[in-house]
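No value in this document is a laboratory result; all are computed from the given coordinates. Fair warning: this is a prediction, and the values are worked out from it, not measured in the lab. Virtual Cβ from ideal backbone geometry, glycine too; neighbours counted across all protein chains shown.
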Amino acid sequence: MDNLIALLIAAPLLGAALLLCGGRRLDGAGHWVATVLAFVSFLFGTVLFADMLGKAADDRTVQQQLFSWIPVEGFQADVAFQLDQLSMTFVLLITGVGSLIHLYSVGYMEHDERRRRFFGYLNLFLAAMLLLVLADNYLLLYVGWEGVGLASYLLIGFWQHKPSAATAAKKAFLVNRVGDMGLSIAVMLMFTTFGTFAFTPVLESTGETSEAMLTAIGLLLLLAACGKSAQVPLQSWLGDAMEGPTPVSALIHAATMVTAGVYLIVRSGAIFNAAPDAQLAVVVVGAVTLLFGAIIGCAKDDIKKALAGSTMSQIGYMVLAAGLGPIGYAFAIMHLVTHGFFKAGLFLGAGSVMHGMNDEVDMRKYGGLRKYLPITFVTFGLGYLAIIGVPPFSGFFSKDKIIEAAFAQEGARAWIFGGIALLGAGITAFYMTRVMLMTFFGKQRWQPDAEGEEPHPHEAPRTMTIPMILLAVGSVGAGAFFSIGDRFVNWLAPVTEFEHPHPVISVPVITASTIAVLLVGAALAYAMYGTRPVPVTAPRGSLLTRAARRDLLQDDFNHVVLVRGGEHLTRSLVYVDHTLVDGVVNGTAAGFGGLSGRLRKLQNGYARTYAVSMFGGAAVLIAATLLMRAV
Amino acid sequence: MNTTLAATLTSTGEAVQFWILGTVAVVGALCTILMKKAVHSALCLAGTMIVLAVFYLANGAYFLGVVQIIVYTGAIMMLFLFVVMLVGVTAADSLKETLKGQRWLAAGCGLGFGILLIAGIGNASLSTFNGLGAANAAHGGNVEGLARLLFTRYVFAFEITGALLITATVGAMVLTHRERTERARTQRELAEQRVREGKQLPPLPAPGVYARHNAVDIAGLLPDGTPSELTVSKTLRERDQVRDVSSEALNDLKALEQRSEERLGRDEEAVK
Amino acid sequence: MNPVNYLYLAALLFTIGAAGVLIRRNAIVVFMSVELMLNACNLSLVTFSRMHGNLDGQIVAFFTMVVAAAEVVVGLAIIVSLFRSRHSASVDDASLMKL
Amino acid sequence: MSFPLLTATAALPAVGAVAVAAVPAARRTAAKWLALLFSLGTLALAVTVLVRFEPGGARYQLTESHAWIADFGVRYELGVDGIGVTLLALTALLVPFVIAAGWHDADPSPDSGGEAPAETKHYRWRPTQGFFALILMVEAMVILSFEATDVFLFYILFEAMLIPMYFLIGGFGDRAHAQGEEAAATQRSYAAVKFLLYNLVGGLIMLAAVIGLYVVAGSFSLGEIAAARASGELEMATNTERLLFLGFFFAFAIKAPLWPLHTWLPNAMGEATAPVAVLITAVVDKVGTFAMLRFCLQLFPEASKWATPVIIVLSLISIVYGALLAVGQRDIKRLIAYASISHFGFIILGIFAMTSQGQSGATLYMVNHGISTAALMLVAGFLISRRGSRLIADYGGVQKVAPVLAGTFLVGGLATLSLPGLAPFVSEFLVLVGTFTRYPAAGIVATFGIVLAALYVLVLYQRTMTGPVKEEVRSMPDLRVRELAVVAPLIALLIFLGVYPKPVTEIVNPAVEHTMSDVQQQDPRPDVEAAK
């Protein structure tokens, strides 16, 4: 049974290897190979899950030691896996949603000539992501961590002929690398502190080192999480990442990869528990991103970018929850899973809309699509209800718990973070309603595309609709299923620890105010977009709107400070290298050259002159010999 | 070394011989480097070498003395003379120095060198000498002694010098031999070439005019009395050894015309 | 007289030869000067041979002669071909070996 | 006496060089195959060495020792330790790829498309034979220098390998140049001369140090001197040791190259053909870092420790500076050259961090850098040979027309930026960890290198391979079979060593332990244990 863990990863890895090295022969069947292998992996996952359920709650962790990876004196890195309830949750999410999105992509990418490669990358992503969540040490996790980064890079830049896609891919990888730097330094710190970086020994011996050290490790892990999960200040790549094909956005940039940061924080819970300062930092980052993403989501006209802002914001919720400690870990993961369902569903819906609208992404050119895309409308609508947290859809359960937990703190913190979480819920309702209204309701504002072709909206093929329907089912029922009897919390408790939150105000009040806030948000959006016609070209908007359209000026900041600054730095360094460093070298050479140029004049070509110097030299030698003898 | 053989002085006869012939050798050497004509230098050098041969004999190196005369004076110097002939025996060098400061440098180097050498010899303690009597006698004579050494201890060096001589011979042949790199052209081809190049087609005019000036170094005169370069061989032209008699000839012509005019004038007067 | 005088004579001849090499331009005369120097060396070798009472010096002198013979052959050949191509036997004319 | 395996390994390519040089001018193809055959034979011998080598056995194995210059105590002494045998194997491994990649680089006609037309003319000049003979010559010398345990013998090889390299750079340079062939020739000879002179200066100073060492120690034998030092029989005055150390280190730092002695590398790598550039950075330069490990640390442990802070700073500068300059390059090959400078910074950092992880990592890094740079540079060379330009700006959208080429280029690039799962990651992380345990600040600065590495690799990839297809590259053919056969094994190796580096670390570890005991250093213990 243990060996299944390795097979879980091996199946998609095999697929990736086959498809990427297989050549054109696999063009015809490649996508089915990949999809089947993804499902096989899911199957292994469910088998393992069933096996795990059969064991006692405390005894569910399974370890598998594959081989010794880097054996060096005093340094042991193994390829070893650890499957516990937390990993299991992720495995099911990744392989489940992943398989569905594979299926969806079969339809979505039907006309792309490089489809085989696309599926190769998707399989590669699955393998890397599974490695990330199954690793039993931080270094192996790091491999998966960068592996998903690579897959993300390849998939964002899949349409490489578009310069914007290539740039977005590069940006994603680079920003992630900054975060990875944090992870790698964190691993090094663990090694110097604990002499190991395997989860169990590190997390069990947190008590043996100072709080300052743990805070440092925690902050570095947070940096890593910020990079991968698009949290402020490393969030800028996620919006651009929407250049990738939509299934990619659904799988990687909504449901799975971007939640890796949350996984990392929850997995390292023991470290954060012992480092309150780091925890506070996590909460702050989560809260800021929550608002940041939501505000961006309100301003974007590109349906995918609006959803990306929403993703950022929802992950902000998760990070916020993860920062709250044992009261929040389980809810963070629960929101992560429900978010995985509804956000993947929303993205697939968006993909379906784009599929029908000649790849148009501007919502201002949609409108009134509910009649033409009924299935998409229904599934998207269910996802919408879930994300804004309408009871009894799944988002309600998970988000409400996070808001409760945010209120369960000491002093002013409770009000600040609780308030932000509450406000976020309202903004979520606003921008999601906006998306909904602009896309499916109102008048048809369709425009011919670049080639002058009028869009003919049509429902997507069955390979695309089935995953959407299945995900919609998840978005409807998952929350309730998890929350009844605290199923999810109890399931995770052995791994993550759990304490019941005790909010400063009573739970029903919080729930009621959450519902109230979201109703206000939705109503506001209806007032703005449902009652008035939507202009096809965006109005200039307020200062905040304009800033939000530009990702709250973060890109501009990056551009001015990092890109321009970096360009100036490299250019001046190239100059310095050429003139100064190389100049010294060449100057020395030129000095010798000049000297020999003078000495060269002695070589006048006359043999007799040479003879004179020869005799002179001989004379000097004799004189020297005589002198030496005389002395 | 057997100290009983050591001596400090040579015989008086040898001393006399040394001072006389030594002077000759030095003078010969000086003449070698100071004579304007190479052939004189060669002869002076030969003289110096003969003197040296005598000194070898005096020093007990009988074999070398003979070899010096046969090989050096006899063969090598003759080779020099051959080359001098090839280059031009009459050519005299200018002894004027052309390189700036070369003479002073040479003088300085030479003097310094000589003084240092002599100082070095003077510095060494060489008051006694052994003489070659025992060494020569050991194997029954100088030649036998040399032969024994040459064919035992120095046999490898000896063989290598053999190889060197062969190499030198081949080298000299290679250096002086000019390989014909293309087929010799036939007369027809040469003729065609001349026509193509528009050169003088008929035989060149003969040198000399009139019976009294038919030597090869005298250019033939054109009808107007000027000399024609074509009539003299190229070698002579390049050596500037053409004797120009045109003025003489022109004067003769003028005198002839004068004379005939006088005679004709007289005739005219006679007619009147 | 002490045989050391032969050595002085050899030194003198050698110096004269050296001076000849330095001041004369005619390659043949330069070459003769070199020969003079070689002969001077031979004289000193023979003298040393006598002073030390063994024949090795003479052997070396003998080899010097052989090598000198070889050298003369090649050297003169060079002079001849140089003269053929340049119509001059002056060592100063062959001054192309410079930058 | 047993079979002199080490001598044979070095002698085979040398014999090959002579044999290849002797192939008649018209039979160029035969010369190429002969060269390939000899290099494969050398690889087979190197594998034999690897098999015969026992990781847990004596420090130097397969030793050979013969008197050479008896008057100075110079001996022909060979022996390999774990580090030497690894690098020997790397060299023997890479040269066949270099030869196969440079298959058409020395063809007489500039157009290296397919097989050149049949020879009708009798060439007296034989560039093809010369090219491959020189490559084999370099291989022979490099292999022997990895084996030499006599300082003098090593010095001679260290210098002698410059000569064939000089001709390889100057005589067979890259024909691609913006200002035409003539400008290329000027640049090329400049680069070759700079390479030669720069390295000769280093060699000269090393020679002084070698002589000084002999004066002090009375021997050239590494084993003898090291043993004498370890047992305390040979005392060196502090200043003497430091001066000697600096003399050796200076030469190695030029060869390696370490900032600020690096400027010859971009020129040399830029102007040489891609295979030769690989030979420079992946094979010849490794002698420098190898020598630091073997000679500097072993002969002058105290001075090494004394110089460590400065060297650490210099290597950090190399890492960051090389990477930043790589970002600023417009020429593909110079970019890779600056990336190599950054990587050499990591290697030197690992060596002088004086921890087991650092030194194992550095050794592993030498191997991995060799393979990854070879992969990247050779693909870049294939790319350049297609378009005839080295400027990044002249490319665009290549992945659309030549997807396999672009894919292999990307893998090479990802290896260069140390993506986990590929071999360089393992070594880079080991170096970082090894440095971090002793010098945390240095470890953190070095970590910036990995972000910058991502920047220059991805910028390069983006500008050349993605975007709209440029008109000039539209008819660019994808990788040919020969080219794929060169690149595919390298990539397979990168993946294998990234997932399972144990075969190499097993060989390297004992050697590193020896070196650590030479410098009398122990790994810092984890805080948690130290507290107990």
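For the reader, a short list of remarks on this structure follows.
- Unit charges at the beta carbon, dipole of the protein assembly as shown: most positive-side option, D:Gln329, D:Gly73, A:Pro276: D:Gln329
- Cysteines without a disulfide-compatible partner [chain B; Cβ-Cβ under 4.7 Å]: B:Cys109
- Centre separation in Å (Cα based) which lies between region A:131-150 and region A:583-631: 67 Å
- Mean partner shielding of peptide A:62-70, defined as the number of other chain Cβ atoms within 10 Å of each residue Cβ, is 3.
- Ranking D:Ala92, D:Ala446, D:Ala274 by how far each Cα lies toward the positive end of the dipole of the protein assembly as shown (charges on Cβ) leaves D:Ala274 at the top.
- Pairwise centroid distance, computed over Cα atoms, of region B:155-170 with region A:433-490, Å: 102 Å
- Top of B:Val26, B:Val245, B:Val174 by mean-square fluctuation, Gaussian network on chain B, Cα under 10 Å: B:Val245
- Most fluctuating residue given options B:Ile160, B:Ile70, B:Ile218, as computed from a GNM of chain B linking Cα atoms under 10 Å: B:Ile218
- Shape category assigned to the protein assembly as shown from the gyration tensor of Cα positions, a/c cut at 1.5: prolate
- Taking other C-beta atoms within 10 angstrom as a stand-in for reagent exposure, A:Glu243, D:Glu182, D:Glu159 fall in the order D:Glu182, D:Glu159, A:Glu243, fewest first.
- Charge dipole (debye, nearest 20) of the protein assembly as shown; +1 at Cβ of Lys and Arg, -1 at Cβ of Asp and Glu: 2880 debye
- Helix axis angle, D:356-387 relative to chain D longest principal axis, alpha carbon, degrees: 10 degrees
- Proximal charge balance of D:Pro309 [Cβ under 15 Å; K/R count +1, D/E count -1]: +2
- For peptides B:182-192, D:399-409, D:230-240, sequence by mean Cβ density within 10 Å, most packed first: D:399-409, D:230-240, B:182-192
- Ordering of D:381-389, A:167-175 by burial proxy (mean other Cβ atoms within 10 Å per residue, highest first): A:167-175, D:381-389
- Shielding value for B:19-29 is 4, the average number of Cβ atoms from other chains within 10 Å of each residue's Cβ.
- Listing A:Asp27, A:Asp180, A:Asp556 from fewest to most neighbouring C-beta atoms within 10 Å gives A:Asp556, A:Asp27, A:Asp180.
- Distance between region D:212-269 and region A:175-226 - C-alpha centres, whole angstrom: 39 Å
- Listed from fewest to most Cβ neighbours within 10 Å, the set D:Ser304, A:Ser506, A:Ser394 follows the order A:Ser506, D:Ser304, A:Ser394.
- For residues of A:165-177, the mean tally of beta carbons on other chains within 10 Å: 4
- For region D:227-307, a simple Cβ point-charge model (Lys and Arg +1, Asp and Glu -1, everything else neutral) yields a dipole of about 100 debye relative to the Cα centre.
- A simple charge model with +1 on the Cβ of Lys and Arg, -1 on the Cβ of Asp and Glu and nothing else charged puts the dipole of region A:230-336 at about 160 debye relative to its Cα centre.
- Angle between chain A longest axis and helix A:303-323 axis [Cα atoms, degrees, rounded to 10]: 90 degrees
- Region C:4-86: C-alpha gyration tensor shape, a/c 1.5 cut-off, then a/b vs b/c: oblate
- Global geometry of region A:444-532, whether rounded, prolate or oblate, following the gyration tensor of its Cα atoms and the 1.5 cut on a/c: oblate
- Each peptide in C:34-43, D:284-293 gets a packing score, the mean of other Cβ atoms within 10 Å over its residues, and the list from highest to lowest is D:284-293, C:34-43.
- Candidates A:Gly157, B:Gly131, A:Pro455 compared by Cα position along the dipole of the protein assembly as shown: farthest toward the positive end lies A:Pro455, with charges placed on Cβ.
- Relative to the longest principal axis of the Cα atoms of chain D, the long axis of helix D:403-416 makes an angle of roughly 20 degrees.
- For region A:1-92, trypsin sites (Lys or Arg not before Pro) are listed when DSSP marks them as loop and at most 16 other Cβ atoms sit within 10 Å of their Cβ; the list is A:Lys55.
- Computed [θ] at 222 nm, helices only, for chain D once each DSSP H run of length n ≥ 4 contributes -39500 (n - 2.57): -23500 deg cm²/dmol
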